[in-house]
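Trainee: Pasting a structure below so you can have a look.
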Ligand code: 4AD
Ligand code: MG
């Protein structure tokens, strides 16, 4: 008999039929005559109720059926008399694949804290909360590919190992096969990276953008979607050392096209999740944050505010609010500033543009004023920065002089500069932090709870 997933069990034609289901026991309760097993197979937040008539099974058979045990059940699907589900299975046979000793199984009890579950990341996906989060994460990933594919963007795979620091922030993880106990040295005493695996100093990438620009200036419109790595030592609820980023890059796009794309893109993802993850979002709304659905719908209803950095600074300075980090033109905004603008001043997402050039990356298009660049950060309620992007400097000479001004080693950049030498075009792009999107859509408050196996300073256990 073919196995049926619990997500598909509500089909009318199955009523009265014998069905075969498999899953893990969430709870078992009952009395001397009848027992009820809540079975979950991960396909949905909803459990299937298995009704066990004790006239057909003896105690010995039921003993190993404890929370966490894995079962194969066959039986008749009937309309449920009880509350909370529309159908249930009256068990004919129960096979236990694997037991879960109640004295040892850490997910035995309900109501563990998220902190406790983080210590048990290898098993936390068996809980309702993390089941919901990771199903939503999947649907968002799928929505992202669909969004770009439907608009003619090509998915470009950019390298994870790189010799250049795309963001110029310097917080990279080194990749080497050299023996740290016995490093080869040049005559002047430096480590001789010409004897390393790639013949040069290499790291894990912080962004696929630079290679993405090569793709965009050939294929027209591309996006990347892959892991990125940052060795910044920030232990915050919004930073990971390994996170996933989506980076579209489009030839002939200026910053306004880029903002339109970013806004359409995020709204599409949020709408997709509301339509395809209804049960899971409802669950999270009920359990953690009963303003979640309202907040998600709120983002869809209004256009994002578009505002220059300089005006944003004015609003913050005249807000009368005392911030932990004082505001002055030229400072990088902290999440407290971003959230003030979004949550309190405007009450909707804000796209902040035209930042001071010295707090942004070298590749951004320079404005006429000589002080600002055509950057655009999308700021979200609860999250702060969710997207960072810009129009790119496409003028060879201007880009060169900026690279020199910042003392960026030229020899690592020649291939990037070729895009400006041969058929250069105006172009733009941005990066969406995937986990920050998942944070927003699930309403979770810590980024460690929306990636299956978080990598943060001091933490790479599972
Ligand atoms: O603003 P960032 O650093 O921009 C770039 O990397 C550009 N190359 C993107 C581009 O224009 N193609 O990062 C983009 C986004 C941020 O807005 C944030 O959502 C996320 O990536 N992000 C992080 N997410 C989790 N943990 C971290 N440590 C993150 N750093 C950035
Ligand atoms: Mg940024």
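Trainee: Tell me yes or no: at least one residue of segment 442-453 is loosely packed, with under 15 Cβ neighbours inside 10 Å and over 30 Å from residue 340 (Cβ atoms).
Mentor: yes
Trainee: Would you mind finding the one in 138, 122, 157 that is closer than 30 Å to residue 41 by Cα, touching a residue at least 24 places away in the same chain (Cβ under 8 Å) and surrounded by fewer than 14 Cβ atoms within 10 Å (Cβ to Cβ)?
Mentor: 122
Trainee: Filter segment 381-400 for residues that are part of a strand (DSSP E or B) and within 9 Å of ligand 1 (Cβ to nearest atom); which is farthest from residue 261 (Cα to Cα)? Lay out the reasoning, then the answer.
Mentor: Kept after step one, since they are part of a strand (DSSP E or B), are these residues of segment 381-400: 384-392.
So of that shortlist, the ones also within 9 Å of ligand 1 (Cβ to nearest atom) come out as 384-390, 392.
Numbers: 384: 19, 385: 16, 386: 14, 387: 12, 388: 13, 389: 11, 390: 12, 392: 15 Å.
In this case the residue turns out to be 384.
Trainee: Further question on the same structure: Residues that are within 29 Å of residue 395 (Cβ to Cβ), more than 23 Å from the chain's Cα centre (by Cα) and more than 16 Å from ligand 2 (Cβ to nearest atom): does segment 169-185 have at least one?
Mentor: Taking every residue of segment 169-185 in turn, none turns out to be within 29 Å of residue 395 (Cβ to Cβ), more than 23 Å from the chain's Cα centre (by Cα) and more than 16 Å from ligand 2 (Cβ to nearest atom).
Trainee: So, in segment 337-365, of the ones that are free of Cβ contacts under 8 Å to residues at least 40 places away in the same chain, in contact with a strand residue (DSSP E or B) (Cβ under 6 Å, 6 or more places away or on another chain) and within 13 Å of ligand 2 (Cβ to nearest atom), which residue ends up farthest from residue 429 (Cα to Cα)?
Mentor: 360
Trainee: Which of the residues belonging to segment 366-394 are more than 16 Å from ligand 2 (Cβ to nearest atom) and surrounded by 14 or more Cβ atoms within 10 Å (Cβ to Cβ)?
Mentor: Scanning segment 366-394 gives 366, 367, 371, 381, 382, 393, 394.
Trainee: Can you tell me which condition residue 435 does not meet? The list is (1) part of a strand (DSSP E or B); (2) over 23 Å from residue 221 (Cβ atoms); (3) within 9 Å of ligand 1 (Cβ to nearest atom), and all the others hold.
Mentor: (1)
Trainee: Just one of 217, 177 is out of contact with any strand residue (DSSP E or B) (no Cβ under 8 Å at 6 or more places or on another chain) and either over 30 Å from residue 265 (Cβ atoms) or part of a helix (DSSP H, G or I) (or both); which is it?
Mentor: Only one candidate qualifies: 177.
Trainee: Continuing with this model, one more query. Return the total of residues in segment 75-92 being touching a residue at least 60 places away in the same chain (Cβ under 8 Å) and surrounded by fewer than 17 Cβ atoms within 10 Å (Cβ to Cβ).
Mentor: Selection size over segment 75-92: 5.
Trainee: Let me ask something else. What number of residues in segment 46-74 are part of a loop (DSSP other than H, G, I, E, B), in contact with a strand residue (DSSP E or B) (Cβ under 6 Å, 6 or more places away or on another chain) and surrounded by fewer than 17 Cβ atoms within 10 Å (Cβ to Cβ)?
Mentor: 1
Trainee: Let me confirm something: among 304, 265, 225, which residue is within 12 Å of ligand 1 (Cβ to nearest atom), touching a residue at least 24 places away in the same chain (Cβ under 8 Å) and surrounded by 14 or more Cβ atoms within 10 Å (Cβ to Cβ)?
Mentor: 225
Trainee: Would you be able to tell me the number of residues in segment 128-168 that are away from ligand 1 (no atom under 16 Å from the Cβ), part of a loop (DSSP other than H, G, I, E, B) and modelled with pLDDT of 95 or more?
Mentor: Of the residues in segment 128-168, 2 are away from ligand 1 (no atom under 16 Å from the Cβ), part of a loop (DSSP other than H, G, I, E, B) and modelled with pLDDT of 95 or more.
Trainee: A follow-up question, please. Could you grab me the full set of residues in segment 30-45 that are part of a strand (DSSP E or B), closer than 21 Å to residue 3 by Cβ and touching a helix residue (DSSP H, G or I) at 6+ places or on another chain (Cβ under 8 Å)?
Mentor: Result: 39, 40.
Trainee: Taking segment 420-430 as the search range and keeping residues that are surrounded by fewer than 23 Cβ atoms within 10 Å (Cβ to Cβ) and touching a residue at least 40 places away in the same chain (Cβ under 8 Å), which one is farthest from the chain's Cα centre (by Cα)?
Mentor: Selected residue: 423.
The values are calculated or read from the model by the stated rules, or taken from the named source; none is laboratory data. If you're wondering where the values come from, they're calculated on a predicted model, not measured in any experiment. Glycine gets a Cβ as well: all are built from the backbone with ideal geometry, and neighbour counts include every protein chain shown.
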